[in-house]
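Below you'll find the structure, written out as structure tokens, and then a few comments.
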Amino acid sequence: DTGVSQNPRHKITKRGQNVTFRCDPISEHNRLYWYRQTLGQGPEFLTYFQNEAQLEKSRLLSDRFSAERPKGSFSTLEIQRTEQGDSAMYLCASRRTGIVGYTFGSGTRLTVV
Amino acid sequence: DQQVKQNSPSLSVQEGRISILNCDYTNSMFDYFLWYKKYPAEGPTFLISISSIKDKNEDGRFTVFLNKSAKHLSLHIVPSQPGDSAVYFCAASGDSNYQLIWGAGTKLIIKP
């Protein structure tokens, strides 16, 4: 069990640029979640995959955001035309069916300047 | 509309004493509650959970109490240790996908 891995750990980008983050979940976990966390707040749900199927998307996930999980393994979260309001910590978590607690990665901190 | 509230942004407790972290919720459909601990620059770490059919769950130094009528839960840590200093988040779930609704967190500081 190598845990949930997220890359990169930090990303600084100029407003208007596209960014992509990667998450490698624990291998036997079929469920994968993306959350976003801003300073002083708890994480906010963005989207959820069961295997390769994206089953739920938050209304926070505007059409500039897209997530994929090809082959039900790693996942990517892309933000197009970044805005300063996108600056946050993006957290990925995974879990196995029947287990309540998620395992989180260390997150990717995005700063849009 | 905050469905999960942690009204204390911070809490300071003497080492060896009991730490009590509180959480209130508004949605009576929540059926699972979880506590996570978060250190700076790391993702949250799962601590303990409780189903709505129970009123207490214990795991070592950590005990979670659920009062459904008051829509309130609490996490007790006893005895508190310096390594417990972290931000503690309360989270709740009301669906089979276990999408979590989170409180804003309480920063716990354990004083030596």
| query | Within chain B, what percent of beta bridges assigned by DSSP are antiparallel, to the nearest 5? | reply | 90 percent
| remark: Counting only protein heavy atoms with a 1.4 Å probe and every protein chain in place, the carbon and sulfur fraction of the accessible surface of the protein assembly as shown in whole percent equals 47 percent
| query | Which listed residue (B:45, B:10, B:72) has the Cα farthest towards the positive end of the charge dipole for chain B, taking +1 on Lys and Arg C-beta and -1 on Asp and Glu C-beta about the Cα centre? | reply | B:10
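From other protein chains only, count the Cβ atoms within 10 Å of every residue's Cβ in A:95-102, then give the mean. Walk me through the numbers before you get to the answer.
Working: counts 2, 0, 2, 0, 3, 10, 13, 9.
The mean count of partner-chain Cβ atoms within 10 Å per residue comes to 5.
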| remark: Of all C-alpha pairs within the range B:19-80, those more than 14 angstrom apart amount in percent to 56 percent
| said: 5 Å is the cut-off here: which amide hydrogens, built 1.01 Å from N in the peptide plane, fall below it relative to residue A:88, excluding neighbours closer than 5 in sequence? | reply: A:110
| remark: Computed from every Cα-Cα pair in the range B:64-112, P(r) in 5 Å bins starting at 0 and rounded to whole percents is 5, 16, 21, 23, 17, 11, 6, 1, 0
| query | So how do B:61, A:9, A:31, A:59 rank on accessible area, 1.4 Å probe, biggest first, that is with the largest at the start? | reply | A:59, A:9, B:61, A:31
| task | Read phi for every residue in the range B:42-51 and hand back ³J(HN,Hα) as whole Hz from Karplus 6.51 cos²θ - 1.76 cosθ + 1.60, θ = phi - 60°, with x for Gly and Pro. | result | 10, x, x, 10, 5, 10, 7, 10, 8, 7
| Under 5 Å, built H, 5+ apart or other chain: amide partners of residue A:46 | A:34, A:35, A:36
| remark: For chain A, the percent of all C-alpha pairs falling in each 10 Å bin, from 0 up to the bin holding the max distance, is 15, 50, 29, 5, 0
| query | Taking the highest mean first, how do the peptides B:62-71, A:90-99 order by number of other beta carbon atoms within 10 angstrom per residue? | reply | A:90-99, B:62-71
| What are the extents of the Cα atoms of the protein assembly as shown along their three principal axes, listed from largest to smallest and rounded to whole Å? | 49, 37, 35
| query | Under 26 Å from the Cα of residue B:71, which lysines turn up, not counting those fewer than eight places away in the same chain? | reply | B:5, B:37, B:38, B:54, B:56, B:107
| Which distance in nm do the two modelled labels at residue A:12 and residue B:55 give, with both placed 7 Å along the Cα-to-Cβ direction? | 5.5 nm
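How do A:34-40, B:8-14, B:48-54 rank on mean C-beta neighbours within 10 Å, highest first? All intermediate terms of the calculation are to be shown ahead of the outcome.
On the way: A:34-40: 17.7, B:8-14: 13.4, B:48-54: 15.6.
Going from most to least packed, we get A:34-40, B:48-54, B:8-14.
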| GNM result for chain A, Cα springs below 10 Å: residue of A:63, A:86, A:24 fluctuating most strongly | A:63
| In angstroms, what radius of gyration and Dmax does the range A:1-64 have, counting Cα atoms only? | 13.3, 37
| query | Which whole-Hz couplings ³J(HN,Hα) result when phi for each residue of the range A:4-20 is put into the Karplus expression 6.51 cos²θ - 1.76 cosθ + 1.60, θ = phi - 60°, listed in order with x for Gly and Pro? | reply | 8, 10, 10, 9, x, 6, 9, 9, 10, 9, 7, 3, x, 7, 9, 9, 9
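Grab the other residues whose beta carbon is less than 12 angstrom from that of residue B:48, score K and R as +1, D and E as -1, and report the net. All intermediate terms of the calculation are to be shown ahead of the outcome.
On the way: positive: B:37, B:54, B:56, B:61; negative: B:58, B:59.
Residues close to residue B:48 contribute a combined charge of +2.
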| task | Determine ³J(HN,Hα), in whole Hz, for all residues of the range B:52-69 in sequence, where each value follows from phi through the Karplus function 6.51 cos²θ - 1.76 cosθ + 1.60 and θ = phi - 60°; x replaces Gly and Pro. | result | 5, 8, 10, 10, 7, 9, 10, 8, x, 7, 10, 10, 10, 10, 10, 10, 5, 5
| task | With 10 Å bins from zero, work out the P(r) of chain B over every alpha carbon pair and list the percent per bin. | result | 15, 50, 30, 5, 0
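The values are calculated or read from the model by the stated rules, or taken from the named source; none is laboratory data. Quick caveat, the model's predicted, so the values are computed rather than measured. We place every Cβ from the backbone using ideal geometry, glycine too, and count neighbours over all the protein chains shown. For the accessible areas, the whole protein counts, side chains as well, though only heavy atoms, and no ligand, DNA or RNA atoms are used. Shrake-Rupley method; radii C 1.70, N 1.55, O 1.52, S 1.80 Å.
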